[in-house]
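Worksheet: one structure, shown below.
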Amino acid sequence: MDEISALTVMFIEPSTNVRTSLHSIFTQYGITQIEHVMRASTAIGILQKKPFDIILCEFDLCEGQDGQQLLEDLRQHRMLPLTTLFLMVTAEQSQGKVISTVEFAPTEYLLKPFTAGSLLERVGRALEKRAAFMPVYRAMEHGDLQEAIDACERGETIFQRYALDFRFMRAELHLQQGQPGQAESIYTQLAETKAAEWANIGLAKALCMQNRLGEAEEILTGLLENNGKLWDAYDCLAQVLEAGGRLQEATQVLKNAVALSPHAVRRLRKLGRLALETGDIDTALASFQEVVGRVRHSRFRDPEDYVHLVQSLLGTGNSHQAATVVQELGKSLSDFKKTEACGAISSALIHEFNDETEHALERLTAAVATYQDNADLSNEVKMVLAQSCLNNGMEDSAEMVMLDVMNNAADDVAMARAIAALERAGRADLSSSLAQKSRQQVAELAAACDDRIKQGDYHSAVELMTQAVQNMSDNTEVALNAAAAVLTCIEHTGWSDELGAQAHRYIENARRLDPANARLGLLSDSYRATLKKYNIPFKHMSMKSRMCA
């Protein structure tokens, strides 16, 4: 077990009396490095600067975010290291709130009242398990998924009581590594254990990554028929249906998930966007009203939520309320990078709705200018901008934006959605020509890179692909081609930390975008072989990559 006196602890608790009581319990246990926090916003500010070993968080924080909202933010923005134990302390027992909290995986969910002995017993058990998994966590934090898989295999042998947990972790790591076949094999074995339901959800994910959508759907549908409380199964089934182009069915599945777990912002956003795409305006409006309300006190609010809320309100004919939303966006999110572009797009939509063409064109021109100035908009909002440009005769701007969307489509599903958006706008001709142009640009980049490599101009090839990655940051093939160019340059010109860090970043970006991509495993193996050849520790390059990013 960890050296107790070295552990760091944070209490997130509005009650002075409760904090004092917890402090006394932990100091008697030998833990003295304790910080007291009353609000979620204060906790996030501290956690952005340093990690803690243990966090005890009250669900009801009185002001601002509650504990579930805080935990969701911390998970979503990767502010909780794998080594941090997060214990939710609460008297809350309503099913919706409990499920919405549990799905973000607190280490423990402690119902009040509890004794000092029961609290310390659960902390002790959690610390013991953390110690067993520490080699896995360390490897994962450095992005060394293969070492993490190997550590799971060792841990399964050494710590028999956690054998099932290590096997689940190993299967999940194979999915992250882009090895769904290996994951499938492990999940198939786990489906014969007491954890069969969660194993079958993992199995469905592995099948989905292999594009075996029918098999995945059959498993997930059967699971939900037997147990309608498996929130992860709803999300996975919605993904399977979406990948098959069955967006209305995916929307209904997410509506069922929200009915079960109504407070998860990530799912509400997904439901709202799908509902807009399928024309289910009432569901979209309810979803984005809930999102905007729930993130009101979050440091990680997204101006794009306001664009979608405006779309939804206009879909119901409520332009007056939409204008109020735009005003709120400008006031409450003035410091956010996307706000100017999102405000201009939203205003243009309102003017378009009101047949105020001159004002709409003015705001669209401003939106396009801000977008070109690196507003960092998602593809969803870029498509809203492009649609409005088409509606108002700004065809050149619409083509530019949609070509950017297609150039940054992470996979075939994302490309299909971009094409479908133009087809719904009655521009199948434009969708076809832009899709062809996008594919041609990627192919021409790859050919130009190959030509430079054949001429022995390796550094020039890397420079070409580095620029391409900057312009197409969410294009998986471009990221993989860039990684291949960097590894080829290292092979012929020798090792440099700068090139090694580039290869690391490009491979990890491709993994984020499309972990099932067939080329990913080969390039990952090539990268590891390069590190081994030059005796470079994976950990070193992981840290170097983060520093250079």
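Computed from the coordinates by the stated procedures, all read-outs in this text should not be read as laboratory data. Everything numeric in this text was worked out from a predicted model, so none of it was measured. Ideal geometry is used to build each Cβ from the backbone, glycine not excepted, and the neighbour counts take in all protein chains shown.
Quick notes on this structure:
- Modelled spin labels at GLN76 and GLN248, positioned 7 Å past Cα toward Cβ, are 3.0 nm from each other.
- Global size of region 1-46 as Cα Rg and Dmax, reported in angstrom: 11.2, 32
- Inter-probe distance in nm under a simple model that places probes 7 Å from Cα toward Cβ, at THR8 and ALA116: 2.6 nm
- Across region 225-230, rounded Karplus estimates of 3J(HN,Hα) from the backbone phi angles (6.51 cos²θ - 1.76 cosθ + 1.60, θ = phi - 60°) give 5, 8, 8, x, 9, 8 Hz, Gly and Pro being marked x.
- Rounded, prolate or oblate (a/c below 1.5 giving rounded, otherwise prolate when a/b exceeds b/c) for region 302-407 by Cα gyration tensor: oblate
- The modelled label-to-label distance between LYS229 and THR316, using points 7 Å beyond Cα along the C-beta direction, is 3.2 nm.
- Across all Cα atoms of region 278-345, the radius of gyration (one decimal) and Dmax (whole number) stand at 11.4, 32 Å.
- Three-way shape call for region 14-125 based on the alpha-carbon gyration tensor, with the a/c threshold at 1.5: rounded
- Largest first and in whole Å, the equivalent-ellipsoid semi-axes of region 351-479 read 32, 16, 11, each the square root of five times a Cα gyration tensor eigenvalue.
- FRET efficiency, 1/(1 + (r/R0)^6) with R0 60 Å, evaluated for GLU491 and VAL18 via beta carbons: 0.50
- By the beta-carbon count within 10 Å of each Cβ, the least crowded to most crowded order of LYS454, LYS382, fewest first, is LYS454, LYS382.
- Evaluating 6.51 cos²θ - 1.76 cosθ + 1.60 at θ = phi - 60° for every residue in region 404-409, the Karplus couplings come out as 4, 4, 5, 5, 10, 6 Hz, glycine and proline recorded as x.
- Cβ-based net charge around ASP73, under 12 Å, with every Lys or Arg adding one and every Asp or Glu removing one: +3
- FRET E, pair ILE158, GLN327, Förster distance 56 Å, beta-carbon r, rounded to 0.05: 0.40
- Think of the chain as a dipole: +1 on every Lys or Arg Cβ, -1 on every Asp or Glu Cβ, centred on the Cα centre; then among GLN289, GLY317, SER346, GLN289 lies furthest on the positive end.
- Average Cα contact separation per residue, region 384-458, under 8 Å, 6 or more apart, as relative contact order %: 25 percent
- Using only alpha-carbon positions in region 84-150, the gyration tensor eigenvalues give semi-axes of 28, 17, 7 Å once each is multiplied by 5 and square-rooted (largest first).
- DSSP-loop chymotrypsin sites (Phe, Trp or Tyr not before Pro) across region 326-381, with at most 16 other Cβ within 10 angstrom: PHE336
- Here the residues HIS459, HIS351, HIS142, ranked from fewest to most Cβ neighbours within 10 Å of their Cβ, fall in the order HIS459, HIS142, HIS351.
- Exposed loop sites were defined as GluC sites (Glu not before Pro) in DSSP loop states (anything but H, G, I, E or B) carrying at most 12 other C-beta atoms within 10 Å; in the chain the longest segment without such a site runs 193-549.
- Contact order, relative form, for the chain: 8 percent (alpha carbon pairs under 8 Å, 6 or more residues apart, mean separation divided by residue count).
- Estimated from helices alone, the mean residue ellipticity of the chain at 222 nm is -23000 deg cm²/dmol (sum of -39500 (n - 2.57) over DSSP H runs with n ≥ 4, per residue).
- Applying 0.36 nm per residue to the separation of LYS454 and ASP373 and subtracting their alpha-carbon distance, the gain on full extension is 25.6 nm.
- Among (1) 37; (2) 56; (3) 15, the entry derived from the coordinates for percent of Cα pairs over 47 Å apart: (3)
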